[in-house]
1. When every alpha-carbon pair in the stretch 162-237 is counted, what percent end up more than 21 Å apart?
2. Can you give me the convex hull volume of the Cα atoms of the stretch 1-135, divided per residue and expressed in Å³?
3. If you add up the charges near Glu3, with Lys and Arg at +1 and Asp and Glu at -1, over every other residue whose beta carbon is less than 11 angstrom from its beta carbon, what do you get?
4. Quick one, what does Rg over Rh come out to for the stretch 196-254 if you take C-alpha atoms and the Kirkwood Rh?
5. Return the Rg/Rh value of the chain, two decimal places, where both radii are evaluated on C-alpha atoms and Rh is the Kirkwood radius.
6. Ordered by packing density, taken as the mean number of other Cβ atoms within 10 Å over each peptide's residues, highest first, how do 172-180, 64-72 rank?
7. What fraction of the DSSP beta bridges in the stretch 82-285 is antiparallel, stated in percent and rounded to the nearest 5?
8. Using only Cα atoms, tell me the angle between helix 237-254 and the longest principal axis of the chain; keep it within 0 to 90° and round to the nearest 10.
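Bear in mind that the values in this text are calculations on the coordinates, not laboratory data. The structure presented is a predicted model; accordingly, all values stated were derived computationally and were not measured. So basically every Cβ, Gly included, is an ideal-geometry build from the backbone, and we count neighbours across all protein chains shown.
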Amino acid sequence: MNEKIDLQQLPLVARGGQAGIYDFGNDRVLRVPSLPRDFDRIRYEYQIYTMLNHSETPVPKVYDLLEADGVPMIVMERLHGHTMMDEIKKHPFRAKAKSAELARLQNELLNIHVSAPVRDIKASARYCVGASGRLSDTVKARVIEILDLLPDGDSLCHGDFHPGNIICQNGDNYIIDWSGASRGDYHCDIAHTYILLKVVPRAPGVGPIMHLIQKLIGRSLASTYLESIESMRDVDRRTLARWVLVKAAERTFYGLPSEQGHLVGFINACVASDIAPGADERFLELL
């Protein structure tokens, strides 16, 4: 339904890379895409939230999908809490416990099996790798060859599962930001989370010493996370390693500019040394 909504009159609660969050009153917020290219992502995210609201998955409630001047906006529950990443920053000595908690949440999520209209994870990966402007045609072709040999699966994969997308409210955890959700092999979502934890780009204003500390914390988080999720489900290290390569290649298309150089170097080194076809635990350490 089309609405008359003046965003300039609504308090801005938060702003992410793809959407702004506005206070809509009555403990509700509007999730509004920042750019026209994200309109379809917001509509898709509304579908995912609606599906999950009928399950036991801990997500905020969605109430409606509005349109104002052609812009789609999700009306959803406002959470009054803080992210798991905020907790880790405030209490770094709890980082190991939070990594294990992250793994437990994701493990429960990956037990959910879905079908269309949830997007196919391999189709999305194939598009992103092919569209990357940072990789040579030879490298892209090799990565897609590896992708085609990976299992399909039908697990619900979040697509951006990291501590910043977990909201803690009154002792409960809520998973947010579902615009990248897809269905496929659960190793894929684990691989992506491993990358997000281990690869720590240097943010503007962060000095070299602080960045080094951040990278060490990230590596510790990634290690504990992987150990934890491996204790909960069958994780094949070879399959996981291949998905790490594929997801790294995807991120050269849509990832942060500050991580591009590291990821491109990692991908090129793996393909050049032909580690990828027989990837093992050592392959994960190359990231």
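1. On the way: 1183 of 2850 pairs.
Percent of Cα pairs beyond 21 Å in the stretch 162-237: 42.
2. Details: hull volume 23.5 nm³, N = 135.
With only Cα atoms used, the stretch 1-135 gives 174 Å³ per residue.
3. -3
4. So for the stretch 196-254, dividing Rg by the Kirkwood Rh gives 1.05.
5. Values: Rg = 19.1 Å, Rh = 19.9 Å.
Value, to two decimals: 0.96.
6. On the way: 172-180: 18.9, 64-72: 14.7.
Ranking, from highest mean packing down: 172-180, 64-72.
7. Percent antiparallel among DSSP bridges in the stretch 82-285 is about 90.
8. Once rounded, one gets 60 degrees.
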